[in-house]
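Student: Once you've had a glance at the structure underneath, I'll fire off some questions.
The values are calculated or read from the model by the stated rules, or taken from the named source; none is laboratory data. Note that the structure is predicted; figures quoted are calculated from it, not measured.
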Amino acid sequence: MPDIPSHLPPFALPDVVPEHLPRQQFQLGEQVRWRQISNPDFGHILGVVYTHSASCSVTGLHYLILLDQQSPSHSITHYDFAFEEDIEPLNPPPLA
């Protein structure tokens with residue numbers, strides 16, 4: 001595993017955590033990419049947190065994604081958080 005910088009994207013704890021958390025759609029280690037973006041970032045699910053996003057007012061499951069070295073934003077950051085609605089599985093490339 002590559003050296004992983006210790007700086008994570010910002011997040012905040014919600015005021016109230018529900019008794020039953022939503023079922024997560026993606027699993028640890030799964031490869032995903034951001035959907036509806038022309039040149040999307042992509043990487044592996046590294047963690048899942050139930051949190052209140054510091055960047056917008058949304059509370060729920062947020063996936064911590066370790067960006068692939070070939071991902072467009074990798075030169076800026078190695079991690080990003082994503083909402084379930086914003087990502088999709090990264091299908092393996094077809095065999096040549």
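Student: Could you please give the count of residues in the stretch 23-69 that are of a type in the set (G, A, S), at pLDDT 90 or above and not in a loop (DSSP other than H, G, I, E, B)?
Tutor: 2
Student: If I ask for residues that are part of a helix (DSSP H, G or I) and modelled with pLDDT under 90, which ones from the stretch 70-86 would you list? Spell out the reasoning first.
Tutor: So in the stretch 70-86, the residues part of a helix (DSSP H, G or I) come out as 84-86.
E84, E85 - these are the residues of the stretch 70-86 that are part of a helix (DSSP H, G or I) and modelled with pLDDT under 90.
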